[in-house]
Amino acid sequence: MPAPVSGRHQGKIAIVTGAGQGIGRGVAKRLTQEGAHVVVAEYVEQNAREAAEELSSVGPEALAYPIDIGDVAQIEKMISDVVDKFGRIDMLVNNAGVNKTTWMLDVTPDDWDFVARVNQKGVFFAIQRVARQMIAQIPQEVIDSGRAPHSYGKIVNFSSVAGRSGRPYSAEYSASKWAVISMTQSAALALAPYNINVNAVCPGLVHTPMWDYIDATQAERFGMKSGEWMASSIEKIPLKRAALPEDIAAAVSFLCSEDSDYITGQALNVDGGIEMN
Ligand SMILES: NC(=O)c1ccc[n+]([C@@H]2O[C@H](COP(=O)([O-])OP(=O)(O)OC[C@H]3O[C@@H](n4cnc5c(N)ncnc54)[C@H](O)[C@@H]3O)[C@@H](O)[C@H]2O)c1
């Protein structure tokens, strides 16, 4: 299992959306173990509190922040509250996401809105509002000189292998994850003059509650036993295993670190070799 790099994010302030469970919780734990204060920006209040408690027991104090990331007013309030408490924001990890396994021909406008609201609108406005805060943190003389000596913020967005190729049973989800790559590139260009890095990760199959839902709905659809859909999907992965949240967290931590200061606008597949472009 990838090991945390001691002190890598010492004293940094990170917002991780959807950090109450699954991959986001793994990312939050890794950033905490590496020295960051993490804001657990999570829809399910109890999970936000439990995660923040766990994080505070293994590293710097974490903050539970119950939020619906699809609501721009709530994003704005969160940024203001985080700055009041910690003074600044250094990293944003846009991990919160929702999925549906509806057959493409049956997708309803409500299905579309449900997915797009979190996976596209939530990601877009979290990037935009946090970026404004990151820019406000840059000393005026640096802005006037037109040359930033180091990175002034790291933003990592969650796309997916479903953002690399289409999905007949998650068409609106796949579209939203392609959109994440587009938003990542647009934001990387807009924020490059401020030396704010914006990248995306594209996980493959990670065993989380989201994948339990995919397995359950697809197994029922195709008359399979529980676990069989997931097993057949794992069989197609070149590295022949599902990812752990820790595998994805290691890539996110790298993209939040100084080691990636010269990387921006990229979408990194972290998928055991499913996609190679
Ligand atoms: N699990 C996988 O195999 C996989 C593969 C590729 C991409 N991804 C992406 O990785 C991210 C995390 O996935 P996961 O598998 O951990 O999912 P998950 O469903 O297990 O966890 C998602 C978290 O996001 C939170 N969330 C949902 N809507 C929210 C909202 N409106 N506001 C705030 N929080 C909200 C949920 O409450 C939950 O805690 C998602 O963006 C997902 O699309 C996952």
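The values are calculated or read from the model by the stated rules, or taken from the named source; none is laboratory data. Bear in mind that the values here come from a model prediction, so they are computed numbers and not experimental data. Cβ: placed from backbone, ideal geometry, glycine included. Neighbour counts: every protein chain shown.
Taken over region 74-102, the criterion of being free of Cβ contacts under 8 Å to residues at least 12 places away in the same chain and within 13 Å of the ligand (Cβ to nearest atom) is satisfied by Gln74 alone.
Among the residues of region 139-190 satisfying the criterion of being under 20 Å from Ser257 (Cβ atoms) and assigned to a helix (DSSP H, G or I), which is nearest to the ligand (Cβ to nearest atom)? Across region 139-190, the extreme among qualifying residues is Thr184. For region 56-70, residues that are within 28 Å of Glu258 (Cα to Cα) and within 14 Å of the ligand (Cβ to nearest atom) total 3. Residue selection: Val123 fails the criterion of being under 17 Å from Asn269 (Cα atoms) and not aromatic (Phe, Trp, Tyr).
Could we say that Gly24 is touching a residue at least 40 places away in the same chain (Cβ under 8 Å), within 16 Å of the chain's Cα centre (by Cα) and either closer than 21 Å to Thr208 by Cα or within 16 Å of the ligand (Cβ to nearest atom) (or both) here? Yes: the conditions hold for Gly24. Taking each residue of region 220-248 that is of a type in the set (Asp, Glu) and looking for partners that are surrounded by fewer than 16 Cβ atoms within 10 Å (Cβ to Cβ) with beta-carbon atoms closer than 7 Å, six or more apart or interchain, yields Glu246/Met1; Glu246/Pro2; Asp247/Pro2. Might you check whether a residue that is near the ligand (Cβ under 8 Å from one of its atoms), part of a loop (DSSP other than H, G, I, E, B) and either crowded, with 24+ Cβ neighbours inside 10 Å or not aromatic (Phe, Trp, Tyr) (or both) occurs anywhere in region 191-205? There is at least one residue in region 191-205 that is near the ligand (Cβ under 8 Å from one of its atoms), part of a loop (DSSP other than H, G, I, E, B) and either crowded, with 24+ Cβ neighbours inside 10 Å or not aromatic (Phe, Trp, Tyr) (or both). In region 36-53, the residue that is nearest to the ligand (Cβ to nearest atom) out of those that are part of a helix (DSSP H, G or I) and under 24 Å from Val98 (Cα atoms) is Asn47. Please go through region 1-21 and give me each residue that is surrounded by 20 or more Cβ atoms within 10 Å (Cβ to Cβ) and more than 16 Å from the ligand (Cβ to nearest atom), ordered by number. Across region 1-21, the qualifying residues are Pro4, His9, Lys12, Ile13.
Yes or no, residue by residue, for (1) in the same structural domain as Val118 (by TED's automatic domain parsing); (2) in contact with a Gly (Cβ under 6 Å, 6 or more places away or on another chain):
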residue	(1), (2)
Ser174	yes, yes
Asn197	yes, no
Ala231	no, no
Val252	yes, no
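Residue count for region 82-127, restricted to those that are part of a helix (DSSP H, G or I) and touching a helix residue (DSSP H, G or I) at 6+ places or on another chain (Cβ under 7 Å): 13. Among the residues making up region 206-252, those that are near the ligand (Cβ under 10 Å from one of its atoms), in a helix (DSSP H, G or I) and surrounded by 14 or more Cβ atoms within 10 Å (Cβ to Cβ) are Met210, Trp211, Asp212, Tyr213, Ile214, Met230, Ser233, Pro245, Ile248. Restricting the first member to region 159-174 and to residues that are farther than 13 Å from Val115 by Cβ, and the second to residues that are assigned to a helix (DSSP H, G or I), the beta-carbon pairs closer than 6 Å and six or more apart or on different chains are Ser159/Lys177; Ser159/Val180; Ser159/Ile181; Gly166/Ser174; Pro168/Met104. Within the option set Ser176, Ser170, being crowded, with 21+ Cβ neighbours inside 10 Å and more than 16 Å from the chain's Cα centre (by Cα) holds for one residue only, Ser170. For region 249-277, enumerate the residues that are touching a helix residue (DSSP H, G or I) at 6+ places or on another chain (Cβ under 6 Å) and free of Cβ contacts under 8 Å to residues at least 12 places away in the same chain. Phe254 - this is the single residue of region 249-277 that is touching a helix residue (DSSP H, G or I) at 6+ places or on another chain (Cβ under 6 Å) and free of Cβ contacts under 8 Å to residues at least 12 places away in the same chain.
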